[in-house]
1. When the chain is modelled as a GNM with alpha-carbon springs shorter than 10 Å, which of 109, 122, 80 fluctuates the most?
2. Please report the orientation-averaged projected area of the stretch 18-89, defined via the convex hull of its C-alpha atoms, in nm².
3. How are the C-alpha pair distances of the stretch 23-136 spread across 5 Å bins, as whole percents from the shortest bin up?
4. Given the convex hull over the Cα atoms of the stretch 77-143, what projected area results after averaging over all orientations, in nm²?
5. Let me have the 222 nm mean residue ellipticity of the chain computed from DSSP H runs of 4+ only, each contributing -39500 (n - 2.57), with the sum over all residues rounded to the nearest 500.
6. Tell me which of 120, 133, 94 sits at the most positive position along the dipole axis of the stretch 77-143, charges placed on C-beta atoms (Lys, Arg +1; Asp, Glu -1).
7. Just for the chain, what percent of DSSP beta bridges are antiparallel, to the closest 5?
8. Give, rounded to the nearest 20 debye, the magnitude of the charge dipole that the chain has about its Cα centre when Lys and Arg contribute +1 at Cβ and Asp and Glu contribute -1 at Cβ.
Amino acid sequence: MTIIVSYKKHTDTYTTYTLTTPDDANCTELCTLDGITYVAVPDGVTLPEQSQEIADSVQTVTLTPELREAIKAASPHCRLIAQRVQERISASYTPEDEMYLARIAVGQLRGTCSLEQGEADLIDAYQNHVESCRAWGRAQRGALGL
């Protein structure tokens, strides 16, 4: 399971000190919130000794729901995942298709319209496609520890 570590970057006259990670570790800097930088560290990766300028600030994060949402909102990686989820949906359904299916599904749920033959199947196929795209997005965020 991916863990999230946080630390405070330190800058002096010549250098900005950041988290040192193994070259092949595939660690991902997620975002910086209120001066604290959050990094996704894959399972099994041991971080090397850190420079003395940041060593005291490095710690494993216990994610609260609020912090998880704040990191997701600030992370360019999560924004890209959300964009790709939408692109996956749009690859199969136009915005007009989506509006049509939403209108008839809501109308059916409210009892204000009845579905024509085949429309229930269209709604089911659309919903299955959307849920598979959302599941992909959740898996991508899960790989980042979110």
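Here, each number is a calculation from the coordinates, and none is a lab measurement. Being a predicted model, the structure only gives us computed values, none of them experimental. A quick note on method: Cβ atoms are made from the backbone with ideal geometry, for glycine too, and the neighbour counts reach across all protein chains shown.
1. 109
2. Approximately 6.1 nm², given one-decimal rounding.
3. 2, 9, 14, 14, 13, 11, 9, 8, 7, 6, 4, 2, 1, 0
4. 4.9
5. -15000 deg cm²/dmol
6. The one lying farthest along the dipole's positive direction is 133.
7. About 100 percent, rounded to the nearest 5.
8. So the dipole magnitude of the chain works out to roughly 240 debye.
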